[in-house]
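Please treat every number below as a calculation from the coordinates, not as lab data. Everything numeric in this text was worked out from a predicted model, so none of it was measured. Cβ sites come from the backbone with ideal geometry, for glycine too, and all protein chains shown count toward neighbours.
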Amino acid sequence: MKYQFPKNFLWGASTSAHQVEGNTSNDWTEWEKNNASRLAKESRGKFGHLPNWKEIEKEATDLNNYISGRACDHYNRYREDFDLAKSLGHNAHRFSIEWSRIEPEEGKFDEREIEHYRQVLIALKERGLEPFVTLWHWTNPLWVSKDGGWENKKTTARFLRYAERITKEYKNLVKFWMPLNEPGTYIGMGYLQGAFPPQKKLGLFSANCAFKNLMSAYGKTYHLIHKQNPDASVGISHYAVYMLPYKNHIWNKLLVKVLDYIRNWRFLDSINDTNDFIGIQYYHTDNIKWSPFFDGKWGFIDTKNSNSWTTDVGWDIYPEGIYHFLKRAQKYKKPIYITENGIADKKDFQREKFIKESLKQIARAIGEGADVRGYFYWSLLDNFEWDKGFWPRFGLVEINYETLERKPRSSAYAYKKIIEANEIIE
């Protein structure tokens with residue numbers, strides 16, 4: 001059987017500045033310093049149930065694992081990394097610009113850093129890699145976070161000033177812009193679960209303020225970019241979670257219906273007039289269960305996953321979920337790019353299968369009319385995975401964090417074969 005992809009399909013991988021560049025100075029680097037010891041101590045309780053705990057225990061219990069430091073040193077080695085991407089068949093690459101580098105002090109732009117990212121874009125162009133540029137991937141300059149972060153309405157105007165400078169500087173080098181990365185995840189993890197900075201658990205009022213300001217920033221940036229370049233394509237990345245009702249019970253069905261709208265569709269509905277394309281980021285599925293005694297994962301909501309196929313971080317893998325999501329996303333009548341889809345798999349035992357099964361479901365949706373135009377695996381490199389640190393290995397390219405040696409995994413070459421054929425044959 002053939003699973004085919006459209007002509008001129010974009011194939012690549014994604015990264016984000018804070019996770020790969022190294023030596024950043026933003027609200028996350030400060031948060032790491034204040035929380036590394038706690039995260040190391042809590043790791044056994046969070047991850048001790050995983051089958052691979054003995055293999056990750058040394059890293060997960062080491063506080064240095066939670067300090068991004070030099071990360072992959074991609075800031076200095078981006079040309080080498082793009083050479084690897086090209087050698088692996090990629091024709092596109094998604095990355096983010098670090099706001100804290102561009103504007104380390106309010107209103108003061110660093111010309112050297114602006115030139116750095118210009119060289120990054122030129123390096124991509126020289127290698128035939130189409131840039132997808134994210135302007136904000138969860139990290140904020142220290143001066144922004146110290147003045148209320150996204151809860152402060154001023155942050156919208158400040159972001160717009162940064163976005164205007166960047167998009168004007170690079171308008172001849174970039175067609176595809178993504179002003180924000182997964183704002184819903186940022187709000188959920190930072191203001192509801194309290195796992196990410198600013199670490200406000202169940203801060204509903206703060207969460208609402210921050211989300212409104214983010215959405216305002218997105219909409220204004222969309223119009224700003226089109227004013228500068230009418231031919232630009234502007235979209236947003238959205239974290240999609242496919243959910244199933246546990247044992248098909250009626251209460252669980254109702255929960256899934258409500259959660260599905262809140263998590264997956266309300267956000268896309270609200271921005272459909274300011275979206276040239278939809279960026280979908282899909283990793284796993286959840287089996288949702290009503291928890292009447294409020295002792296579930298999220299109070300009265302719990303997850304009871306099958307754990308039949310899981311990643312190194314314990315996420316349930318269900319590639320068919322992306323097919324169902326793409327089919328429903330057709331209603332927006334917009335081009336779709338899979339801007340993140342990946343697996344934590346240090347030994348590289350499951351990644352090839354994960355990529356193939358995911359792409360088969362994407363091809364299936366395309367065959368039924370979904371306008372999917374590109375796929376970006378997460379991630380090109382092993383990287384710093386936020387509050388989990390370095391131990392989860394998502395990369396097509398393995399990083400030796402002691403020597404910084406890069407080594408493409410066998411799954412990277414399996415992905416290359418798919419790219420070269422522009423199809424999967426079984």
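The figures follow:
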{"quantity": "Size of charge dipole - region 309-426 - debye, nearest 20, with Cβ of Lys, Arg +1 and Asp, Glu -1, no other charges", "calculated": "440"}
{"quantity": "Label-to-label distance, nm, for residues given as Ser216 and Leu254 (7 Å Cα→Cβ offset)", "calculated": "3.7"}
{"quantity": "Size of charge dipole - region 1-143 - debye, nearest 20, with Cβ of Lys, Arg +1 and Asp, Glu -1, no other charges", "calculated": "680"}
{"quantity": "Cβ-derived FRET efficiency at R0 30 Å, Asn272 paired with Trp143, nearest 0.05", "calculated": "0.35"}
{"quantity": "Förster radius 60 Å - calculated FRET efficiency between Thr403 and Lys201 (Cβ-Cβ, nearest 0.05)", "calculated": "0.95"}
{"quantity": "Burial ordering of Met1, Met178, fewest other beta-carbon atoms within 10 Å first", "calculated": "Met1, Met178"}
{"quantity": "Within-9-Å neighbourhood charge of Phe82 [Cβ basis; K, R +1; D, E -1]", "calculated": "-1"}
{"quantity": "For region 236-373: rounded, prolate or oblate by the Cα gyration tensor [a/c cutoff 1.5]", "calculated": "oblate"}
{"quantity": "Sparse-neighbourhood loop sites, chymotrypsin sites (Phe, Trp or Tyr not before Pro) in region 247-305 - DSSP loop, at most 12 other Cβ within 10 angstrom", "calculated": "Phe293, Phe294"}
{"quantity": "For region 224-280: relative contact order, % (alpha-carbon pairs under 8 angstrom, 6 or more apart)", "calculated": "51"}
{"quantity": "Unit charges on C-beta of K, R, D, E only; dipole of region 387-426, Debye", "calculated": "80"}
{"quantity": "Cβ-derived FRET efficiency at R0 22 Å, Glu126 paired with Lys417, nearest 0.05", "calculated": "0.35"}
{"quantity": "Summed residue charge, Cβ within 9 Å of Gly194's Cβ, Lys/Arg positive, Asp/Glu negative", "calculated": "+2"}
{"quantity": "³J(HN,Hα) computed for each position of region 342-347 - Karplus, 6.51 cos²θ - 1.76 cosθ + 1.60, integer Hz, glycine/proline x", "calculated": "x, 9, 7, 7, 4, 7"}
{"quantity": "The chain - share of DSSP beta bridges that are antiparallel (%, nearest 5)", "calculated": "25"}
{"quantity": "Cβ-defined net charge surrounding Asn34, 13 Å radius [Lys, Arg +1; Asp, Glu -1]", "calculated": "-2"}
{"quantity": "Chain lengthening between Asn34 and Arg118 when straightened (0.36 nm per residue, less Cα-Cα)", "calculated": "26.9 nm"}
{"quantity": "Gain upon complete extension [His49, Lys347; 0.36 nm per residue less C-alpha separation]", "calculated": "105.4 nm"}
{"quantity": "³J(HN,Hα), Karplus 6.51/-1.76/1.60, whole Hz, each residue of region 385-392, x for Gly, Pro", "calculated": "8, 6, 6, 9, x, 8, 5, x"}
{"quantity": "In Hz, Karplus ³J(HN,Hα) per residue of region 236-241 (6.51, -1.76, 1.60; θ = phi - 60°; x = Gly, Pro)", "calculated": "9, 8, 10, 7, 9, 10"}
{"quantity": "Euclidean distance between Cα centres, region 234-281 to region 47-63, Å", "calculated": "32"}
